[in-house]
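Shown next, in structure tokens, is the structure this report addresses.
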């Protein structure tokens, strides 16, 4: 059997890129840059994680500073901002005048703090949030958010699209990418909690999860238009409940809670949802849409 070489050929006119942090996600980012033909320099605190990338044509930097000085575009992806700052703090002078793209996941507040640090050291800074798992990186479905220095984004947009075609720029507030990330994961984890609880309730009633799963697509299929209409209600604060009002839906919650309690299931998530809907009804939103519960959550 003929073996096919996986060596990536770089384009001499392509933008050089440095990737710092070679965990699973960092390796995927680096591989995507290589696939797109960008000269690549890599560095990782722990040795050995760059072997496959070097075999494909990446340059192994001997130090973090060498890695930074090798390219005008530096991408960092590590476990959190504490780890990122431990690496970046000693590199402030080397980073000056370069574009730093931080794809480390953390909070909007931490993103803005990092941006302030970068500005104080004359570093053009983009904060990003990766919204897909490792295998999707480099493909058309790889959604990555960016926020921060617009000029830096526009200068390197075509390079960043090597990681994922959307490469969505959200604005110059450096916290926006993390804000979108937190909001989307809030929805995801809430939905996953509801999904597993639904399977637990079904199992308690003698229904196998695999038997219920195909029918859940009915609910999943109506979520996109529900998301759009709920967003419109919240932004306009109109909360039209003509189709299905909050009081009616809260009554359905009572039925689910009764069933869950009868089987001794942990219903903390459902009870929290019910508590919010009860507060919204107490504030006069019983005839409004479910979106009106946002008024019982606090915040801005």
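Here, each number is a calculation from the coordinates, and none is a lab measurement. Not measured: the values here are computed from a predicted model. Cβ placement follows ideal geometry from the backbone for every residue including glycine, while neighbour counts extend to all protein chains displayed.
On alpha carbon coordinates alone, what is the Rg over Rh value for the stretch 135-185, Rh being the Kirkwood radius?
Reported Rg/Rh, Kirkwood definition of Rh: 0.98.
Take the eigenvalues of the Cα gyration tensor for the stretch 56-139, scale each by 5, and report the square roots as semi-axes in whole Å, largest first.
The answer is 20, 19, 11 Å, longest axis first.
On a 0 to 90 degree scale, rounded to 10, what angle separates helix 268-280 from the longest Cα axis of the chain?
Value to nearest ten degrees: 70.
Kindly work out what percent of the DSSP beta bridges joining two residues of the stretch 1-151 are antiparallel, to the nearest 5.
20
Given the chain, what percent of its DSSP beta bridges are antiparallel, to the nearest 5?
20
According to the Cα gyration tensor, what semi-axes, each the square root of 5 times an eigenvalue, does the equivalent ellipsoid of the stretch 17-174 have, listed from largest to smallest in whole Å?
Largest first, the stretch 17-174 gives 21, 19, 14 Å.
Roughly how compact is the chain, stated as its Cα Rg over 2.2 N^0.38 Å to two decimals?
1.24
State log₁₀ I(q)/I(0) for the stretch 120-208 at q = 0.12 Å⁻¹ as given by the Debye formula over alpha-carbon point scatterers of equal weight, solvent excluded.
So the normalised log intensities work out to -0.49.
Quick one: check the C-alpha center-to-center distance for the stretch 218-258 versus the stretch 96-137, whole angstrom.
That distance is 36 Å.
Using all C-alpha to C-alpha distances in the stretch 208-296, build P(r) with 5 Å bins and read off the rounded percent in each one.
Here the calculated profile for the stretch 208-296 is 3, 13, 18, 20, 22, 14, 7, 3, 0.
Please rank 43, 290, fewest neighbouring Cβ atoms within 10 Å first, as an exposure proxy.
So the ranking, lowest neighbour count to highest, is 290, 43.
For each of 273, 99, 17, 79, count neighbouring Cβ atoms within 10 Å of the residue's Cβ, then give the residues from fewest to most.
Ascending number of Cβ neighbours within 10 Å: 79, 273, 99, 17.
Using the 10 angstrom Cβ neighbour count as an exposure proxy, how do 184, 25 rank, fewest first?
Placing the least packed residue first, the sequence is 184, 25.
Largest first and in whole Å, give the semi-axes of the stretch 245-300's equivalent ellipsoid, each being the square root of 5 times a Cα gyration tensor eigenvalue.
22, 13, 7
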